[in-house]
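For reference, the structure is listed below as structure tokens.
The values are calculated or read from the model by the stated rules, or taken from the named source; none is laboratory data. Just so it is clear, the structure is predicted and the values come from calculations on it, not from any experiment. Glycine gets a Cβ as well: all are built from the backbone with ideal geometry, and neighbour counts include every protein chain shown.
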Amino acid sequence: MTERQKLSLNRPRKPSSEEHHKSDLAYRKKVWVKAASKKQKKKPHPSKAVKQQPKQTVVKPKQEVKVKTPKSPTPSKKRLPLNEAISQISTFWPYLFPDGKLCPMKIGIQQDMWQEVKEKGLPIARRRLRACLGSVGHHADYRALIQLGAFRYDKSGQIVGEVTQADVEDNLQRLARRNKSTNSFLSC
């Protein structure tokens, strides 16, 4: 039996019987790669003697100082006009704002209204309902009504609660933020 030859990629080609010219033989160049571990540090090369020159002072041109300009605040949301929002809500819930007069609304009134819209199939989109209630709730006239001890009304115009001290404090914080953003927006 004959032994099998090991297969390798770098085996030189054997010349055929027709080719006997040594110049035609093609051998591949063997490249040896040493895998250096990451932990090994490179040895520093000996530094060449450099002639020391006298130090010269370099004058850098003055750079302009960049001053950060405050970003203009984001413009407020475009809200519906108050009278339009009240009229749209009053078409479905006329007792909430009798004669177009504002009154503090119950906390969570939006969920109650949306539940009624789904049950009765009223023709108002949830997005529109939220826009109307947001416009009313954000308006300065409505915010002025949030006073300690004032009554809150539900969608049918019934008294369901009172304005608490926490509500008044939250209202004052919202008014302060609103005035601050309005003043900074106007000053720009």
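Data table
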read-out: Checklist (1) of a type outside the set (A, V, I, L, M); (2) farther than 21 Å from I86 by Cα; (3) modelled with pLDDT under 90 applied to G161, failing item; value: (3)
read-out: Flag for Q111 being within 32 Å of the chain's Cα centre (by Cα) and either modelled with pLDDT of 90 or more or surrounded by 15 or more Cβ atoms within 10 Å (Cβ to Cβ) (or both); value: yes
read-out: Residue satisfying all of: in the range 119-132; surrounded by fewer than 10 Cβ atoms within 10 Å (Cβ to Cβ) and of a type in the set (D, E, K, R); nearest to E84 (Cα to Cα) among these; value: R127
read-out: Helices (runs of 4 or more DSSP H) wholly inside the range 76-187 that include at least 2 residues being among the aromatic types (F, W, Y) and touching a residue at least 12 places away in the same chain (Cβ under 8 Å); value: none
